[in-house]
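Structure first, then comments.
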Amino acid sequence: MKATTAKPLAVMRASPLRGRVRLPGDKSISHRALIFGALATGTTRIRGLLEAEDVVNTARAVSALGARAEKHGDVWEVRGRGPGGLRQPTAPLDFGNSGTGARLMMGVIAGHPITVQMMGDASLSRRPMRRVLGPLMQMGLEVVEPGKETLPLTLRGTSELIPIVYPLPVPSAQVKSAVLLAGLHAAGETTVIEPEATRDHTERMLRHFGADVRIVDKEGGRAITVRGDAELSGRDILVPGDPSSAAFLVAAALIVPGSDVTIEGVLVNPTRTGLYTTLQEMGGDVTLLNEREEGGEPIADIRVRASELKGVRVPAERAPSMIDEYPVLAAISAFAKGPTQMDGLAELKVKESDRLQATATGLEVNGVTARIDGDSLIVEGKQRMKGGGRVATHLDHRIAMAFLTAGLASEKPIAVDDTTMIATSFPEFRGLMETLGATYQEAPEQ
């Protein structure tokens, strides 16, 4: 793994943000398009693929497994090898900072008689893999280093996976997806029962590629069943704009007085729109326009105008639909009137960093009162943020972007200690913000 030099950055208070922009493709769908293309028979053509480091690492991984992924013009093509057809790689698969790529690929490896070494950067190597390894080991995946639960790991798959029924202990789209991907290679039906609905991109894309998927809502959860020994066929996919990336532009337009911003072609899948529901409850002028469907996913243009926000309580059951957006929601809650309480945030403790603590600390060093109560975060809104602080990002791209957004409306500039990791998910972040009127400057290292 290559060492990188930290790139601190500071953000200045902004004049009104205005304009229309189009975002890069959704990260979750980009990962899945590459992986499903590798498992399909024939060629999958992907337009709008997010070319951030996380996704490029997944493209390299599927290529190393024998399903060549290449860009031709503005289209990525994946030459699939069919379920069970991936080959032994000649070197470790490096997923960099991508938990999604690593965890989904574990489900793929489980169903192939190959031995694969998986590795990641320092941040990913601290993140727990137990929740995904547990059910996959029940199905037949072997961890060559017994008892080890963090990367680097060596995994041995099998062509004789056992189908299971697996109730998710904690809602997780990544764990659900890994089990369903493994289930494609099991003889019989594999079922995941989730207590709360999580992102359903895997289920939608499985159907798009021709898999037999059954979804049943029942008391105590939602059961998703995939039939094994699947035959998938290559498909054409258009990746919509990433709503998690859109969140930063939406938040900026809400808190900078006089702003009026439209973001075109954003994914508005109901399992991903919890933030927009919350912002509307806070009084935010957030409107979905030109709603339509492309490639089995709903998309829309989002128009946002600066608004006076009020504090709200965000229920725990909404967390799965906005888990990546809590840092930026917490940051702009400082500009709301009254407290905002966000419940059910246990998942944030095991992201790229302990996002819950990193968010609270970032607010505090910028003059905002915030406290953690169990799995809840409470931010005392004052309709202003003092700023002037330097935020420790802990190599977490969403912490960096959240405070580089909040600083657009703070009284004093806000600096973050590093921005190199932003390239893992949203390399266009700074450029798009500057297009709308934001101003950033390099900050001295400390």
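Key figures
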quantity	calculated
Electrostatic dipole magnitude of the chain [Cβ: Lys, Arg +1; Asp, Glu -1; Cα centre; debye, to 20]	320
Mean separation of Cα contacts under 8 Å, 6 or more apart, over the residue count of the chain: relative contact order %	20
Length gained when the stretch Val165-Glu70 is fully extended (0.36 nm per residue, less Cα-Cα span)	30.6 nm
Computed lengthening from Arg214 to Asp236, 0.36 nm per intervening residue step minus Cα-Cα distance	5.7 nm
Largest to smallest principal axis extent of the C-alpha atoms in segment 1-106, angstrom	55, 34, 23
Candidates per GluC sites (Glu not before Pro) in segment 398-446, loop by DSSP, up to 15 other Cβ within 10 Å	Glu411, Glu445
Cross-link reach list, lysines versus Lys218, counting only Cα pairs under 27 Å and skipping chain neighbours closer than eight places	Lys176
Label-point separation, Glu294 to Lys349 (7 Å along Cα→Cβ), nm	4.0
Rg(Cα) / (2.2 N^0.38 Å) computed for the chain, rounded to two decimals	0.95
Taking the C-alpha atoms of segment 154-304, convex hull volume expressed per residue in Å³	145
GNM flexibility winner over the chain from Gly338, Gly96, Gly37 (Cα, springs under 10 Å)	Gly338
Cα-based Rg / Dmax (Å) for segment 27-238	15.6, 48
Separation in nanometres of the label points that stand 7 Å from Cα toward Cβ, at Arg47 and Asp375	4.1
Gain in span if fully extended, Ala91 to Gln441, counting 0.36 nm per residue against the direct Cα distance	122.0 nm
Restricting segment 302-365 to GluC sites (Glu not before Pro) in coil, as DSSP defines it, with at most 14 other Cβ within 10 Å	Glu308
Nitroxide proxy distance, nm - points 7 Å out along Cα→Cβ at Ala223 and Glu189	0.7
GNM result for the chain, Cα springs below 10 Å: residue of Ala38, Ala316, Ala370 fluctuating most strongly	Ala316
Spatial extent of segment 207-262: Rg and Dmax, with the Cα atoms as the point set, Å	19.5, 56
Average Cα contact separation per residue, segment 27-238, under 8 Å, 6 or more apart, as relative contact order %	21
Arg13/Arg305 FRET efficiency (R0 22 Å; Cβ-Cβ; nearest 0.05)	0.75
Fraction of antiparallel bridges per DSSP, the chain only, in percent to nearest 5	75
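We did not get these values from a lab; they are worked out from the coordinates using the rules stated. This structure is a prediction, so every number in the text was calculated from the model and none was measured. Glycine also receives a Cβ, built like all others from the backbone with ideal geometry; neighbour counts cover every protein chain displayed.
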